[in-house]
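To start, the structure itself, in structure tokens.
The values are calculated or read from the model by the stated rules, or taken from the named source; none is laboratory data. Since this is a predicted model, take the numbers as computed values, not measurements. Reconstructed Cβ throughout: ideal geometry from the backbone, glycine too, with neighbour counts over all protein chains shown.
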Amino acid sequence: MEEKSPKTLHPIITEKHLQFGKKVREFAEKELAPHADEWEEKEEFPSSIFPRLAELGFLGLRFPKKYAGQNLDFMYSIIFSEELAHSTMGGVTTAVSVQNEMVAPPVFKFGTEQQRQRFLVAMNRGLKIGALGVTEPKAGSDVAAIQTNARKDGNSWVINGEKIFITNGYRADFILVVARTSEQKGYKGISLFLVESNAPGFTRRKLHKVTTVCSDAAHLHFDNCQVPAENMIGDEGKGFYHIMWELQGERIAGAANAVGRAQVAFEAALKYAQQREQFGHPLAHFQVIQHKLADMATEIEVTRQFVYYVAWLFENGVYPVKEISMAKLMSSQVANSVADEALQIHGGHGLLMDSPAQRYWRDCRLSRIGGGTDEIQKEIIARSIIPKAKE
């Protein structure tokens, strides 16, 4: 009787998912990873990766074929986010995740047919790159505190304000911008706009960061930026609800990517421990290293299975906000812990800039900040489990 592995008997992940994941990993290892040092040094990867991803069927995973999508379930997005980490560059996975999981879903769900044909189809074919403009110098996770505003002027909207830390922002063909369209405070009166890079009054500058170096991040400025009225997406004043819905899918995909980054760091540490000799033996022969690797493998696998479960809930119509935040928090912390141990196992070699170990260590750090910090996830979880005091 042929012995089956746990993966072939998985209640959520099917054989088709596994084959898809294998295809993604092979692409990442063969076509992306060999360029890691070059692209990291340039602080940029070529935009030609996007049409290549489309050619392989890796863009628009969850969207109908009429929009150049692949018409697949959400688990494919999770597997893709996880396996793309084998590019060994967090910058590539972050940039592509923004395209697939942060910009495209709101355009599909809330956009008009014209907007879908013009923006979504182009994104899914790799012909347009999108970015999401939420964070501002004085408003990050607190979306309701944004100050960028838009006022109606005839057949246009005029936007003023700024956004910061925007992934893909420097190279993007358009930005999905969150702006305030009324004087109401808090979450009311916020709307979404598709701002194209050639819009009058729009400028941007590239930011330099310590993590995910090869993906561009930008500081965006809107100085009486004119946007056609038809570029508003969704309902006026409902932008907060539209964008908060999108954040949940983004956070699950981000959790899967954190698992992938942890896996890559673990595999590098395991390989190094088997090759590096000290006192006449490979590091992997020492119990202290064996136990480190055992802990790392355990943390990764437990986290992976929880992320799969939460993604399965989301795919099946549940809106598990608490569990999504738990997955995001746990995966981010595990990725950082594993990457740190991987660096420790590499010793001095891991500190050299030509070592992938230091890159995994730096890139994993983004997970605890981007897409909602650890502290924000804990706030969401706490509000879900602690009963409100009766007034």
If I filter the stretch 182-197 for residues that are at pLDDT 95 or above and β-branched (Val, Ile, Thr), do I get at least one hit?
yes
Residue that is farthest from the chain's Cα centre (by Cα), among those in the stretch 356-391 that are free of Cβ contacts under 8 Å to residues at least 60 places away in the same chain and within 17 Å of THR212 (Cβ to Cβ)
GLN358
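Out of the residues in the stretch 102-132 that are of a type outside the set (A, V, I, L, M, F, W, C), closer than 23 Å to ALA256 by Cα and in a helix (DSSP H, G or I), state the one that is modelled with the highest pLDDT.
The selected residue is ASN124.
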Here are some residues: ALA122, ALA104, ALA68, ALA85. Which one is touching a Gly at 6+ places or on another chain (Cβ under 6 Å), of a type in the set (Gly, Ala, Ser) and farther than 26 Å from PRO356 by Cα?
ALA68
Go through the stretch 205-231 and report how many residues are part of a strand (DSSP E or B) and buried (at least 22 other Cβ atoms within 10 Å of the Cβ).
6
Please find, within the stretch 284-314, the residue that is farthest from the chain's Cα centre (by Cα) out of those that are more than 24 Å from GLY21 (Cα to Cα) and touching a residue at least 24 places away in the same chain (Cβ under 8 Å).
ILE289
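Matching residues to (1) assigned to a loop (DSSP other than H, G, I, E, B); (2) surrounded by fewer than 19 Cβ atoms within 10 Å (Cβ to Cβ); (3) touching a helix residue (DSSP H, G or I) at 6+ places or on another chain (Cβ under 6 Å):
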residue: SER141; (1), (2), (3): yes, yes, yes
residue: GLN147; (1), (2), (3): yes, yes, no
residue: ARG151; (1), (2), (3): no, yes, no
residue: TRP157; (1), (2), (3): no, no, no
residue: ASN160; (1), (2), (3): no, yes, no
residue: LYS163; (1), (2), (3): no, no, no
residue: ILE166; (1), (2), (3): no, no, no
residue: TYR170; (1), (2), (3): yes, no, no
residue: VAL177; (1), (2), (3): no, no, no
So, of the residues in the stretch 235-261 that are of a type in the set (Asp, Glu) and either in a helix (DSSP H, G or I) or under 18 Å from GLU101 (Cβ atoms) (or both), which turns out to be farthest from the chain's Cα centre (by Cα)?
GLU246
Note on the stretch 71-101: residues of a type in the set (S, T, N, Q) and either assigned to a helix (DSSP H, G or I) or surrounded by fewer than 24 Cβ atoms within 10 Å (Cβ to Cβ) (or both) are ASN71, SER77, SER81, SER87, THR93, THR94, SER97, GLN99, ASN100
Where the second residue is aromatic (Phe, Trp, Tyr) and in a helix (DSSP H, G or I) and the first is on the phi < 0 side of the Ramachandran plot and touching a residue at least 40 places away in the same chain (Cβ under 8 Å) and lies in the stretch 325-338, which pairs have Cβ atoms under 7 Å and are six or more apart or on separate chains?
ALA327/PHE306; MET330/PHE306; VAL338/PHE266
